[in-house]
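This report refers to the structure that appears directly beneath it.
The values are calculated or read from the model by the stated rules, or taken from the named source; none is laboratory data. Bear in mind the structure is a predicted one, so any value in this text is a computation, not a measurement. Cβ placement follows ideal geometry from the backbone for every residue including glycine, while neighbour counts extend to all protein chains displayed.
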Amino acid sequence: MVEKPILKIEGLRKKFGNGCECCLENPKSFKENRCPECGTVWGCKDISFEVYPGEILGVVGESGSGKSTMMKCLYFDQEVDGGEGKIHNYESLNIFSESSQKRRYIRNNLMGMVYQNPLLGLRLDYTSIGNIAEKLIAAGDRNVSRMTERGKELLTHVEIPLNRMKELPKNFSGGMQQRVQISKALANNPPILLLDEVTTGLDLSVQAKVLDLIKTIQRDLGVAMIVVSHDLGVIRMLADRTIVMLQGEIIEEGLTDQILDDPQHYYTQQLVHSLL
């Protein structure tokens, strides 16, 4: 039996500008991400990919390639301009055309997001366990004792001392803030986790702890993940498969070892060789 993808994205488009006849018909007709006719910037040009249960999909590309724009579209932080998204066992034919109420359900129950900047994913004036409780409440939980136990379980899982669970995240180091953000994203056992440059700016030793945590979550919980990183070492360690983005397009995709050891596209070759 062939396994079905947990997430399937087809033809995802996101533009910044009104567009014109030239680019709206086929945004891939020009190489750059800026339309030469009207100046509209295309963050995503008909992007399609699949993620399977328990898999980590890596996303690499230079700054401005569309990686973070794609992630924001997937988590409904930005409206899309076209395309379809389907989540296995969720009745919607296209998550991007859902009502705001159903989008909130997807955000709170089917997906978790960990941002590069913890300020976007955490309320720094809430306690650590309060941040987790907020996510649980958003999904409809009102049982205080159950939320407390779930919060303790998650903070223990990400190695935050329970004697600091009522401390504000603003008092934590960057690495601890990221771990609290991960615990919040996992609060409602989502089948899909989105991680956008989560190790950027962290010390190497802290990076290693966060990466170990991500691998542990994959192994123990079987969560499917999309991991965006400009660091190919991070992608090699985490990702089963990898897609390479340039100017809002996917230019190469395949098994991670295959992409990094035998890149086919000239840009991927430059990307890999620049780190050798």
Next item on the list: Check the range 202-221 and report whether any residue there is under 17 Å from the mean Cα position of the chain (by Cα) and more than 25 Å from LEU162 (Cα to Cα).
Entry: no
Check: Would you call GLY54 touching a Gly at 6+ places or on another chain (Cβ under 7 Å), surrounded by 14 or more Cβ atoms within 10 Å (Cβ to Cβ), in a loop (DSSP other than H, G, I, E, B) and not hydrophobic (A, V, I, L, M, F, W, C)?
Finding: yes
Notebook entry, point to check: Exactly one of (1) at pLDDT below 95; (2) loosely packed, with under 15 Cβ neighbours inside 10 Å; (3) assigned to a helix (DSSP H, G or I) is unmet by GLY175. Its number?
Noted result: (2)
Margin query: I'm told THR216 meets every condition in (1) touching a strand residue (DSSP E or B) at 6+ places or on another chain (Cβ under 6 Å); (2) in a helix (DSSP H, G or I); (3) not aliphatic (A, V, I, L, M) except one. Can you identify the failing condition by its number?
Written below: (1)
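Given the structure, is THR242 in a helix (DSSP H, G or I) and either without any contact (Cβ under 8 Å) to a residue 24 or more places away in the chain or within 25 Å of LYS31 (Cα to Cα) (or both)?
Values: in a helix (DSSP H, G or I): no; either without any contact (Cβ under 8 Å) to a residue 24 or more places away in the chain or within 25 Å of LYS31 (Cα to Cα) (or both): yes.
Considered against the rule, which asks whether it is in a helix (DSSP H, G or I) and either without any contact (Cβ under 8 Å) to a residue 24 or more places away in the chain or within 25 Å of LYS31 (Cα to Cα) (or both), THR242 comes out as no.
How about the range 66-113: which of its residues are of a type in the set (Gly, Ala, Ser), part of a loop (DSSP other than H, G, I, E, B) and crowded, with 19+ Cβ neighbours inside 10 Å? Quick ask: steps written out before the conclusion?
To start, the set of residues in the range 66-113 that are of a type in the set (Gly, Ala, Ser) comprises 66, 68, 82-83, 85, 92, 97, 99-100, 112.
Of the ones still in play, those that are also part of a loop (DSSP other than H, G, I, E, B) are 66, 92, 99.
The one that is of a type in the set (Gly, Ala, Ser), part of a loop (DSSP other than H, G, I, E, B) and crowded, with 19+ Cβ neighbours inside 10 Å: GLY66.
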Check: For THR200, all conditions in the list (1) surrounded by fewer than 18 Cβ atoms within 10 Å (Cβ to Cβ); (2) modelled with pLDDT of 90 or more; (3) not acidic (Asp, Glu) hold save one; what is the number of the exception?
Finding: (2)
Note to self: Which count do you get for residues in the range 135-152 that are surrounded by 13 or more Cβ atoms within 10 Å (Cβ to Cβ) and assigned to a helix (DSSP H, G or I)?
What the structure shows: 9
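Within the range 183-205, how many residues are in a strand (DSSP E or B) and either of a type in the set (Asp, Glu) or farther than 11 Å from GLY121 by Cβ (or both)? I'd like the intermediate steps shown before the answer.
To start, the set of residues in the range 183-205 that are in a strand (DSSP E or B) comprises 192-196.
Subsequent filtering for residues that are either of a type in the set (Asp, Glu) or farther than 11 Å from GLY121 by Cβ (or both) retains 192-193, 196.
Looking only at that region, the number is 3.
Test of understanding: among VAL244, VAL228, VAL180, which residue is more than 24 Å from GLU134 (Cα to Cα), in contact with a Phe, Trp or Tyr (Cβ under 8 Å, 6 or more places away or on another chain) and surrounded by 17 or more Cβ atoms within 10 Å (Cβ to Cβ)? Give the steps one after another, and end with the answer.
Details: VAL228 fails: in contact with a Phe, Trp or Tyr (Cβ under 8 Å, 6 or more places away or on another chain); VAL180 fails: more than 24 Å from GLU134 (Cα to Cα).
Matching residue, one of VAL244, VAL228, VAL180: VAL244.
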